[in-house]
1. Let me confirm something: among Ile203, Ile230, Ile207, which residue is surrounded by 15 or more Cβ atoms within 10 Å (Cβ to Cβ) and away from the ligand (no atom under 15 Å from the Cβ)?
2. Anything in segment 41-86 that is closer than 17 Å to Ser279 by Cα and at pLDDT below 95? List them, or say none.
3. Taking the conditions exactly as written (closer than 18 Å to Ala239 by Cα and either acidic (Asp, Glu) or surrounded by 13 or more Cβ atoms within 10 Å (Cβ to Cβ) (or both)), does Gly176 satisfy them or not?
4. How many residues are surrounded by 20 or more Cβ atoms within 10 Å (Cβ to Cβ) and away from the ligand (no atom under 16 Å from the Cβ) when one looks only at segment 234-249?
5. Need the failing condition index for Ala61 against (1) outside any helix (DSSP H, G or I); (2) under 22 Å from the mean Cα position of the chain (by Cα), just the number.
6. Which one is nearest to Glu62 (Cα to Cα), of the residues in segment 1-44 that are in a helix (DSSP H, G or I) and among the aromatic types (Phe, Trp, Tyr)?
7. Let me confirm something: among Val173, Val137, Val189, Val178, which residue is more than 10 Å from the ligand (Cβ to nearest atom), in contact with a Phe, Trp or Tyr (Cβ under 6 Å, 6 or more places away or on another chain) and in the same structural domain as Met249 (by TED's automatic domain parsing)?
8. Please give the number of the condition Ala167 fails out of (1) within 16 Å of the ligand (Cβ to nearest atom); (2) touching a Phe, Trp or Tyr at 6+ places or on another chain (Cβ under 9 Å).
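The values are calculated or read from the model by the stated rules, or taken from the named source; none is laboratory data. Please read these numbers as outputs of a predicted model, since none were measured by experiment. Because the Cβ atoms are built from the backbone with ideal geometry, glycine has one as well, and the counts that use them run over all protein chains shown.
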Amino acid sequence: RTVYVNGEYLPEDQARVSVFDRGFLMADGVYEVVSVLGGKLIDFAGHMVRLRRSLSELAIAEPLTDDDYLAAHRELIARNDITDGLVYLQVTRGNPGDRDFAYPPEGTTPTVVMFTQSKPGLADAPAARTGWTVVSVPDLRWGRRDIKTVQLLYPSMAKMEAKARGADDAWMVEEGRVTEGTSNNAYIVRGNTIITRELSHDILHGITRAAVLRFAAEAQMQVEERAFTIDEAQQADEAFVTSASAFVMPVVRIDDAAVGSGTVGPVATRLREIYLEESLKLGV
Ligand code: PLP
C-alpha cells in the first residue's frame, strides 16, 4: 500500500512518524474517514468542515487546504487502485521534540497521515440484510465527543465487550440514555418518526447523520432529535445506526430483546437505499 505522510507518498513500510509525536504520546490529534464508492468520495466537503472544526477546537494549526486534502485523497485512491473502500486521514499536533503536557509554541508542524483501506462491495454488506445486534455498555468516554479525536481506547474496549457478548456493536449509555454506538450514531423508529439524540458535546456530529436526517425529511418522515433509553429502543419498531463506513445499518437486537419483528425493517431499508443513491450522486 502507498500511504501519505507529510506531503510524501511512500510504501507503507517506509513511512515514519516520530516517537515524540503528540498523537502517539497523548492522543493529541483528530481524524476523518471518508468512504469511496465506485472511485468517488462520499460527502467529502462535509468531512472537511468537521475536520476544521475539530482542529480549531484543539488549536491545532491547519496544515493543508481542502484542495490539498482532495488531491491527496484522489492520489491515494489512484495509486492504490481503490474502487470501494475508505480513506483514513489523521492530523496530530506533531512533534515538539520532547514530551510536555503544555502545547508546544506556535510553529510546530502538524503531522498529516492518510491511507486507504480497500473494501470491495462496501455498499452491499451482507449485514445490511440481516442487521446488527448491539449490547448496551456505560459511556465512559471524555466530555468532548463532538471533537473527532484519535482517543479511541474506550470505544475499542466497548467493541471488544460487544464481541465477547456475541454482538456486532455496543450502544453507550449515559444517565440512562443512549449516546451513540462505538463508531456510529444511533436511531430508533416509531411509526413514521425517526428519533436520534440531539447534537451536543455528548456525541460526534456524524456527517452521515446530517445527510440521513435531510433525506428523511425530504421523504416526508418525521424527525425527532432527542435522547432515548435502551427500554424505549427495545420497544421501538426499528433501530439503526449511521456512519461513513456502515452507511445506514439496521439494528435488530438490543441486549436480550428483539427490536420490532427482530428482522430488518422497511424504514432502515429505505433510508439506506436513499442514502446510497443520493450520496453517490454527490460523490466527488
Ligand atoms: N459517532 C462516533 C463515536 C463515531 O466514531 C463515528 C464515526 O467514526 C460516528 C458517530 C459517525 O460519524 P460519520 O457519519 O461522520 O462517519
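1. Ile230
2. none
3. Criteria not met by Gly176.
4. So the count comes out to 2.
5. Just one mismatch for Ala61, condition (2).
6. Among those that are in a helix (DSSP H, G or I) and among the aromatic types (Phe, Trp, Tyr), it is Phe44.
7. On the way: Val173 fails: in contact with a Phe, Trp or Tyr (Cβ under 6 Å, 6 or more places away or on another chain); Val137 fails: in contact with a Phe, Trp or Tyr (Cβ under 6 Å, 6 or more places away or on another chain); Val189 fails: in contact with a Phe, Trp or Tyr (Cβ under 6 Å, 6 or more places away or on another chain).
Of the residues listed, the single one that is more than 10 Å from the ligand (Cβ to nearest atom), in contact with a Phe, Trp or Tyr (Cβ under 6 Å, 6 or more places away or on another chain) and in the same structural domain as Met249 (by TED's automatic domain parsing) is Val178.
8. Result: Ala167 fails condition (1) only.
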